[in-house]
Amino acid sequence: LIEGLARVFPKERIYGCEGYSPLSTDTNFADQGHNAQRAVSVLAMAGDVTPVPVSETTKIEGKWLACGRSLGKKLKEQYEPGKGVMLTFGDQHVGANNRDLVNGLREVLGDKLPLVGAAAGTSGAKEIVAGKIVTATHVVILLKGDFHVRSMMRGAGDKKEFLLRTTEAFGAVFDAKQNALLTLVFDCGGRRGVLFDQKRLAEEYGVMKTFAGDSPLFGLYGGGEVGCAKLGATPTGVGYHVSVAALLPGAAP
């Protein structure tokens with residue numbers, strides 16, 4: 001897979017992770033189910049977007065909290081509060097791991113991080129860092145460019161309300177009625193299983209596309225989510241949520 005991508009893109013720019021399945025196109029869904037087994041989703045960005053990727057092992061002394069601090073220190077010179085977005089993924093499966101990693105980032109970079117992402121599927125899943133397959137690693141990619149971010153995360157609660165929570169998150173993010181340049185979405189693998197059993201998984205994807213419209217949708221079903229409980233809130237790491245971030249043109253109004 002990596003060697004194939006490296007025929008098109010510089011190998012050192014290839015980053016990614018395993019997930020339960022990608023969340024990028026309606027061709028993933030068939031008969032109200034999900035048929036994206038062994039599927040791969042690739043996001044390529046060009047133009048005036050500058051990516052700043054950093055990574056750190058979660059085996060560092062102090063584990064996930066220390067990993068978050070280390071990542072924050074690596075980004076501190078490049079990060080400007082309120083500008084850009086941080087895409088985060090890797091080995092921080094839901095629980096204290098997820099929360100501690102975000103807390104470590106916040107200790108260094110502050111509480112108003114534009115942070116969105118997910119754990120890479122189950123514990124022990126593989127990550128890709130600069131074209132190399134690794135494990136027990138966490139990645140943060142700071143994306144800088146001429147855009148602003150609206151981000152929100154909703155979830156947990158009664159299983160009958162899963163679609164309502166997705167509607168709430170996307171409805172809040174797209175309330176500005178602007179066409180997004182890109183929509184990042186990270187959904188819980190546990191929610192995926194419940195919606196699959198209810199034969200409503202494709203319906204949830206339909207809710208996402210109703211709000212995102214023609215905006216490219218990119219993300220995955222993972223093992224823990226990162227985001228903000230409301231617009232402009234302090235980010236945290238949780239589980240059983242759906243986290244969405246819309247990259248909108250120009251500076252924030």
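In this structure, does residue 133 turn out to be open to solvent by 20 Å² or more (accessible area, probe 1.4 Å), in a strand (DSSP E or B) and more than 16 Å from residue 87 (Cα to Cα)? Even if it seems obvious, please write down each step before you answer.
Numbers: open to solvent by 20 Å² or more (accessible area, probe 1.4 Å): yes; in a strand (DSSP E or B): yes; more than 16 Å from residue 87 (Cα to Cα): yes.
Against the criterion (open to solvent by 20 Å² or more (accessible area, probe 1.4 Å), in a strand (DSSP E or B) and more than 16 Å from residue 87 (Cα to Cα)), residue 133 qualifies.
Could you list all residues from region 104-118 that are in contact with a Phe, Trp or Tyr (Cβ under 7 Å, 6 or more places away or on another chain) and assigned to a strand (DSSP E or B)?
116, 117, 118
I'm checking my understanding of the structure. Among residues of region 115-127 that are farther than 19 Å from residue 65 by Cβ and open to solvent by 20 Å² or more (accessible area, probe 1.4 Å), which one is modelled with the highest pLDDT?
126
Looking at 165, 154, 106, can you tell me which residue is out of contact with any Ser or Thr (no Cβ under 9 Å at 6 or more places or on another chain) and crowded, with 16+ Cβ neighbours inside 10 Å? I'd like the intermediate steps shown before the answer.
Details: 154 fails: out of contact with any Ser or Thr (no Cβ under 9 Å at 6 or more places or on another chain); 106 fails: out of contact with any Ser or Thr (no Cβ under 9 Å at 6 or more places or on another chain).
On inspection, the qualifying residue turns out to be 165.
Being β-branched (Val, Ile, Thr), under 20 Å from residue 41 (Cα atoms) and touching a Phe, Trp or Tyr at 6+ places or on another chain (Cβ under 8 Å): is that true of residue 141 here?
Working: β-branched (Val, Ile, Thr): yes; under 20 Å from residue 41 (Cα atoms): yes; touching a Phe, Trp or Tyr at 6+ places or on another chain (Cβ under 8 Å): yes.
Answer is yes for this residue.
List, please: which pairs have Cβ atoms under 6 Å, are six or more places apart or on different chains, and start with a residue in region 53-75 that is acidic (Asp, Glu) and end with one that is buried (at least 17 other Cβ atoms within 10 Å of the Cβ)?
Listed pairs, sorted by first residue: 56/67; 56/70; 56/71; 56/138.
Give the number of residues within region 77-103 that are of a type in the set (A, V, I, L, M, F, W, C), crowded, with 23+ Cβ neighbours inside 10 Å and in a helix (DSSP H, G or I).
Of the residues in that region, 2 qualify.
When you go through 219, 224, 190 one by one, which is the residue that is modelled with pLDDT of 90 or more, closer than 30 Å to residue 250 by Cβ and under 19 Å from the mean Cα position of the chain (by Cα)? Walk me through how you get there before you give the answer.
On the way: 224 fails: closer than 30 Å to residue 250 by Cβ; 190 fails: closer than 30 Å to residue 250 by Cβ.
Result of the check over 219, 224, 190: 219.
Select from region 198-253 the residues that are of a type in the set (D, E, K, R) and surrounded by fewer than 19 Cβ atoms within 10 Å (Cβ to Cβ) and write down the one among them that is farthest from residue 94 (Cα to Cα). I'd like the intermediate steps shown before the answer.
So the first thing to find is which residues in region 198-253 are of a type in the set (D, E, K, R), and the list is 199-200, 203-204, 209, 214, 225, 230.
Filter once more, so that each one left must be surrounded by fewer than 19 Cβ atoms within 10 Å (Cβ to Cβ): 199-200, 203, 209, 214, 230.
Values: 199: 25, 200: 24, 203: 25, 209: 26, 214: 31, 230: 20 Å.
Of everything passing the filter in region 198-253, 214 is farthest from residue 94 (Cα to Cα).
The values are calculated or read from the model by the stated rules, or taken from the named source; none is laboratory data. All values derive from a computational prediction rather than experimental measurement. Every residue, glycine as well, gets a Cβ built from its backbone with ideal geometry; the counts of neighbours run over all protein chains shown. These area figures cover heavy atoms from the full protein model, side chains too; ligands, DNA and RNA do not enter into them. Shrake-Rupley method; radii C 1.70, N 1.55, O 1.52, S 1.80 Å.
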